[in-house]
1. Pick from segment 1-24 the residues that are outside any helix (DSSP H, G or I) and surrounded by 18 or more Cβ atoms within 10 Å (Cβ to Cβ): which of them is modelled with the highest pLDDT?
2. Hey, any hits in segment 79-101 for a residue that's under 17 Å from residue 122 (Cα atoms) and assigned to a loop (DSSP other than H, G, I, E, B)?
3. Output the number of residues of segment 48-65 satisfying the condition of being within 24 Å of residue 76 (Cα to Cα) and either in contact with a strand residue (DSSP E or B) (Cβ under 8 Å, 6 or more places away or on another chain) or in a loop (DSSP other than H, G, I, E, B) (or both).
4. Can you report the number of residues in segment 25-36 which are in a loop (DSSP other than H, G, I, E, B) and on the phi < 0 side of the Ramachandran plot?
5. Looking at (1) on the phi < 0 side of the Ramachandran plot; (2) out of contact with any strand residue (DSSP E or B) (no Cβ under 8 Å at 6 or more places or on another chain), find the lone condition where residue 108 falls short.
6. Return only the number of the condition from (1) without any contact (Cβ under 8 Å) to a residue 60 or more places away in the chain; (2) part of a helix (DSSP H, G or I); (3) closer than 20 Å to residue 122 by Cβ that residue 39 does not satisfy.
7. Taking the condition over 12 Å from the mean Cα position of the chain (by Cα) and within 23 Å of residue 91 (Cα to Cα), does residue 39 pass?
8. For the structure I just gave you, tell me whether residue 121 is farther than 23 Å from residue 2 by Cβ, surrounded by fewer than 20 Cβ atoms within 10 Å (Cβ to Cβ), without any contact (Cβ under 8 Å) to a residue 40 or more places away in the chain and in contact with a strand residue (DSSP E or B) (Cβ under 6 Å, 6 or more places away or on another chain).
């Protein structure tokens, strides 16, 4: 089964809390991948929490809001173990399936970027 949306993963991986909800999952665009956070951060490339479209693509909205749980759930081997998300990722112009340093989670507590260790509120 190929996924049309991020939420399709919830149907096939019941232990992941990726049902529709209000927590936004933003993956960084290919052109900024690796430049937004962590030790490789490019000081000339900044994330604007008010306009994530500049640097990120909205992958989907899920009900899980805990960043740590989401990070684990959104590793490729967990939510797309047989490449089910490949077309979804490619169709959005993204280049990575696993949540990575520089990706963003927006929930009821704020906007968080995945950093080298943990998450940083932006």
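The values are calculated or read from the model by the stated rules, or taken from the named source; none is laboratory data. This is a predicted model, so every value here is computed, not measured. In this analysis, Cβ positions are derived from the backbone assuming ideal geometry, glycine residues included, and neighbour counts consider all displayed protein chains.
1. The extreme case among them is 23.
2. yes
3. Of the residues in segment 48-65, 12 are within 24 Å of residue 76 (Cα to Cα) and either in contact with a strand residue (DSSP E or B) (Cβ under 8 Å, 6 or more places away or on another chain) or in a loop (DSSP other than H, G, I, E, B) (or both).
4. 4
5. Among (1) on the phi < 0 side of the Ramachandran plot; (2) out of contact with any strand residue (DSSP E or B) (no Cβ under 8 Å at 6 or more places or on another chain), residue 108 violates only (2).
6. (1)
7. no
8. On the way: farther than 23 Å from residue 2 by Cβ: yes; surrounded by fewer than 20 Cβ atoms within 10 Å (Cβ to Cβ): yes; without any contact (Cβ under 8 Å) to a residue 40 or more places away in the chain: yes; in contact with a strand residue (DSSP E or B) (Cβ under 6 Å, 6 or more places away or on another chain): yes.
So residue 121 passes the test.
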